[in-house]
């Protein structure tokens, strides 16, 4: 059976964010019923599936209900060609993904075709997905995941083991290589769900900031109407301004959030969107799309460069979902700065 | 239809004591009568080269996903004949031993065979001396060798390196790295109206600032062939060197480094019916002699002290550590096999197949084939990269594999800049070798048409 050893590693992200008051919510990591053969676990023995197959698949009952339906449907279709037709049918009926969400952060790595996945939480804190691809078969696979996982609680989504792909009988979903788009799609969807949950948790602690992105999606259309105004604001700046009056609304939000979360001793937020004004990704957003950030904070101590960047990205995730295109980040600790 | 089936033999009578590479006639002698019967069979039209050689390739005789395998991904890697498989097995069974240092019988035998393989490579590409052949892991490593060894010690700020936008990533990235370190500048030649690198432009770009020209011989995407002799003449006129990426040419046609007068030439064994894990760099002796080592370690040294070491002469200077001995010998066996058929014969057959493939592909509606249209002046290699309107190449490749057992490749084929210039993210590619047949092409086209109707019916 294929090994998915990379699968749990992406969750190490969660450690710094665990709020001490809620250990139980994330304890499922240790009591998980996900079974991986090659990882020495300190968890209780994985659940045996009722069929005595040696592969120890996650029992189908554990999967989100819609996903179970989809699996059963595929199992009932025996002929491979018909399976493809079914797959393509799903893809055809997938809701289109707005171009503004076709960002690097939403792109699935390791696909020969281009696949984007967007995730947000609805008002009940369930994760909702949207996806698109230029390849019809990949779009079908994406649609399958979107239909199967959307509207479900984050924990349920996180528990899904990619093993279920076997049950579909679609061969290309099975190879565990890094080029397995299906596996990577699922991983990305799970990672985004986790990040959303963490963000929401954080948000609900400090009042008013756990904005459910539902509101944001309505706001983005508002924002694009306000395009010209904020566009003008953005272009009137000329580069590095520590003067906060030079920033537009997004710039201000970024500054506030970083100040609140990281208590930096130095913080520079520079809107460089004008440098990217020609890009496809910029059109349709509110003009504030590219920022340079320079942050000196104790929060970065003990964290690798990658972890520091991840921290900043996760704090600004909402912005990234709603038109922020790219960040250039310099993240230092106070001691690193003094050493100069 | 019945015809002669002459099974190509492995060549056990090859004497290991061949002294010089120019005595190619010595080991070709035995092959002549075999080649003659092959020629006869093929010329009389009884059976094609593909049909004749297929039995030598065990891997081709299998089913995948319920259909007969049709392997059309040879530009990615070629299949190996039994002769090569046997030589690998024989090496490990009979005389595996570390080379160059041992006194004992096995070690001497292994060394002899290893060095014989080097001579075979030299003879195969008509190098004047086997010391001009450096064994590497593959062509990519060979290019890196030139970049780090020759490049770092010869390039200065503002020196120019000319490449084409159709180069394989392995011919671009090492030079980007070295250019960054040395301050040299990379200049790229774009395509002309035939979708071939613009040779006239290239000629114009060559100036006294040019220190190196890096070009492919045959493009793995466009199927085009560049006039290397001319390019070398223009480059040498300004004192520039030429590095030829011959990965797609050495396996398919006669390549003569002295005729081309190339300074450096690289190729990979696995594309020419040899095992993976071995490739080679050809470098003119006078160049290799001036080059500092690439990787350091055993084998490439002369004397080692605590504070410094002295280095061996080329090619050993560039072969640190225990080499891929069995694989080199396997490559030698592959060369024997290919020589037994004759590279010219292989080339002629593949030209026919190339034209057949192109013609047949053109008949598929809404298809766009990249590269030049074949004509009397323009020859295409036996490969076609293409896209079909409104169908993603990955979908095509997946369906062809799953439903028809046809193996092609989809993606950027390690040529992202080229694809960007062509305006696409990816393309599908079918590439042939001498063991493919017209039937393979027919099968492919039929399956492709089925694939296209399947996806179109869904729109």
task = With the condition kept exactly as written, say whether any residue in region A:295-303 is within 17 Å of residue A:107 (Cβ to Cβ) and either surrounded by 19 or more Cβ atoms within 10 Å (Cβ to Cβ) or modelled with pLDDT of 85 or more (or both).
result = no
message = If I go through region B:407-453 residue by residue, how many of them are surrounded by fewer than 18 Cβ atoms within 10 Å (Cβ to Cβ), part of a helix (DSSP H, G or I) and within 12 Å of chain A (Cβ to nearest Cβ)?
response = 2
task = Tell me, please, whether a residue that is without any contact (Cβ under 8 Å) to a residue 60 or more places away in the chain, touching a strand residue (DSSP E or B) at 6+ places or on another chain (Cβ under 7 Å), farther than 26 Å from residue A:316 by Cβ and within 12 Å of chain B (Cβ to nearest Cβ) can be found in region A:137-158.
result = yes
inquiry  = Can you tell me how many residues within region A:71-108 are within 14 Å of chain B (Cβ to nearest Cβ), within 24 Å of the chain's Cα centre (by Cα) and either loosely packed, with under 14 Cβ neighbours inside 10 Å or part of a strand (DSSP E or B) (or both)?
reply    = 3
task = State yes or no: is residue B:213 over 18 Å from residue B:423 (Cα atoms), assigned to a strand (DSSP E or B) and in contact with a strand residue (DSSP E or B) (Cβ under 9 Å, 6 or more places away or on another chain)?
result = yes
message = With the requirement that a residue be crowded, with 24+ Cβ neighbours inside 10 Å, under 15 Å from the mean Cα position of the chain (by Cα) and not in a helix (DSSP H, G or I), what does region A:132-161 give you?
response = A:132
note = Of the residues in region B:387-398, those that are at the interface with chain A (Cβ under 7 Å from one of its Cβ atoms) and assigned to a helix (DSSP H, G or I) come to B:394, B:395, B:398
query = When you go through B:189, B:196, B:146 one by one, which is the residue that is under 19 Å from residue B:227 (Cα atoms) and either out of contact with any helix residue (DSSP H, G or I) (no Cβ under 6 Å at 6 or more places or on another chain) or surrounded by fewer than 16 Cβ atoms within 10 Å (Cβ to Cβ) (or both)?
reply = B:196
task = Select, from B:319, B:313, the only residue that is farther than 24 Å from residue B:81 by Cα, touching a residue at least 40 places away in the same chain (Cβ under 8 Å) and under 21 Å from the mean Cα position of the chain (by Cα).
result = B:319
Subset of region B:430-459 [under 13 Å from residue B:396 (Cβ atoms) and touching a helix residue (DSSP H, G or I) at 6+ places or on another chain (Cβ under 9 Å)] = B:430, B:444, B:445, B:447, B:448, B:450, B:451, B:452, B:454, B:455
query = Which one is farthest from the other protein chains (Cβ to nearest Cβ), of the residues in region A:109-131 that are crowded, with 21+ Cβ neighbours inside 10 Å and modelled with pLDDT under 90?
reply = A:111
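The values are calculated or read from the model by the stated rules, or taken from the named source; none is laboratory data. Keep in mind the model is a prediction, meaning the values are calculated, not measured. Here the Cβ is made from the backbone with ideal geometry for all residues, glycine too, and neighbour counts use every protein chain on show.
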